[in-house]
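Let me begin by presenting the structure, written as C-alpha cells, before commenting on it.
The values are calculated or read from the model by the stated rules, or taken from the named source; none is laboratory data. Given the structure is predicted, the values throughout are model-derived calculations rather than measurements. Cβ atoms come from the backbone with ideal geometry, glycine included; neighbour counts cover every protein chain shown. Protein only, heavy atoms only, side chains kept; ligands, DNA and RNA dropped before computing areas. Shrake-Rupley method; radii C 1.70, N 1.55, O 1.52, S 1.80 Å.
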Amino acid sequence: MDTATAIIVVLGAFGFGAFLWTLAEYLLHRFAMHHLHGKGIMSREHLEHHVHSSWHFDRTHLMSWAGMLTVGFLGWMPLGWLVGGPRVGIAVAIGWACGYFFYEYQHAVAHLRPPTGRYGAWARRHHFHHHFGHPMANHGVTIPLWDKVFGTLERPETVRVPRRLALPWMLDDDGSVKPEFADSYALVGRAGIDERQAMIDRVRAFASLAPLD
C-alpha cells in the first residue's frame, strides 16, 4: 500500500469511528438515558440534568469518559485491527474518542455560552427543544441525521423556554430574551420556583416529559 492510499485509509477509518460515535450518541441518549426513566446511573444523572437544565463538571463525567474510551480502545480498535490492520484499528478508536469528546464539548458549551455561528445556533435550538419542548425528540446532540432516520427529529421555529429554566446566556439584564435570540426562543411561565414546582419539574423530567410553563 503506497503512502497516499494508506493516508486515505487511515482518514476513512478515523471518519468511520467518529460517525460510529454519532449513532451511539443517539442510541444512548434515547434508550439508555430517557427510556429507562432514571433506572441506572446513566439515566438518573441525565434526567437530573433535565430537572435543572444547567451544566457543570461532575465526577460522573470521568466515569463516562472512561467508559467511552474503554469501548473505543478495547472494543472498536481490535475489530478495526482485525478487519484492516493496526493503523485502521487505532484510527477507528481515535475517531470514536474524538467524536465523543466533540459531543461532550458541544453539549457543555450549549448550556454555558451563546452561539457564535450557524452550527452553534442550530445545535442550541435543536437541543433545547429536546429539553423544553419534547424530551423524546432530538436525541442527537451534534448532528440531526439519526433523529431523521428514526423519526424523532422536530424543527420548531421557536423554542419555548420556561423562565425558571432559561439559560443565562439567553437573557439580558432585565431577564428578557436578548434581541439576537428572540427569533429562536420565547420565554413562558414565571421566573421563580418553589418547592412544589421543583417537585413537579423532577417528576416530569423522570417521565421524559417537557416541563410545564
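Brief remarks follow.
- Cut-off 15 Å (backbone N to label point 7 Å along Cα→Cβ of Trp169), residues of region 113-143: 113-129, 142
- Cα gyration tensor shape for region 58-213, rounded if a/c is under 1.5, else prolate or oblate: prolate
- Accessible-area composition of the chain, carbon plus sulfur, in percent [1.4 Å probe]: 65
- Directionally averaged shadow of region 26-99, computed from the convex hull of its alpha-carbon atoms, nm²: 5.5
- Rounded to 0.05, the FRET efficiency of the His37 and Met63 pair, given R0 = 22 Å and the Cβ-Cβ distance, is 0.60.
- Label-point gap, in nm, between Thr70 and Ile200 - each point 7 angstrom along Cα→Cβ: 4.1
- For region 2-43, backbone nitrogen atoms closer than 14 Å to the point 7 Å from Cys98 Cα along Cα-to-C-beta are found at 7-22.
- Per residue value of the accessible surface for region 1-134 (all protein chains in place, 1.4 Å probe), Å²: 53
- Unit charges on C-beta of K, R, D, E only; dipole of the chain, Debye: 300
- Every Cα-Cα pair of region 1-127 was included, and the share exceeding 18 Å stands at 60 percent.
- Residue by residue, region 173-182 carries 3J(HN,Hα) couplings of 5, 8, x, 9, 5, 4, x, 6, 10, 5 Hz when phi is fed to the Karplus relation 6.51 cos²θ - 1.76 cosθ + 1.60 (θ = phi - 60°); x denotes Gly or Pro.
- Computed on region 88-181, with alpha-carbon pairs under 8 angstrom and 6+ residues apart, the relative contact order is 23 percent.
- Computed FRET value (nearest 0.05) for Ala4 with Trp81, which takes r as the C-beta separation and R₀ as 25 Å: 0.70
- The chain - mean residue ellipticity at 222 nm from DSSP helices (-39,500 (n - 2.57) per run, n ≥ 4, rounded to 500): -18000 deg cm²/dmol
- Fully extended contour minus Cα-Cα distance, from Phe150 to Lys178, at 0.36 nm per residue: 6.7 nm
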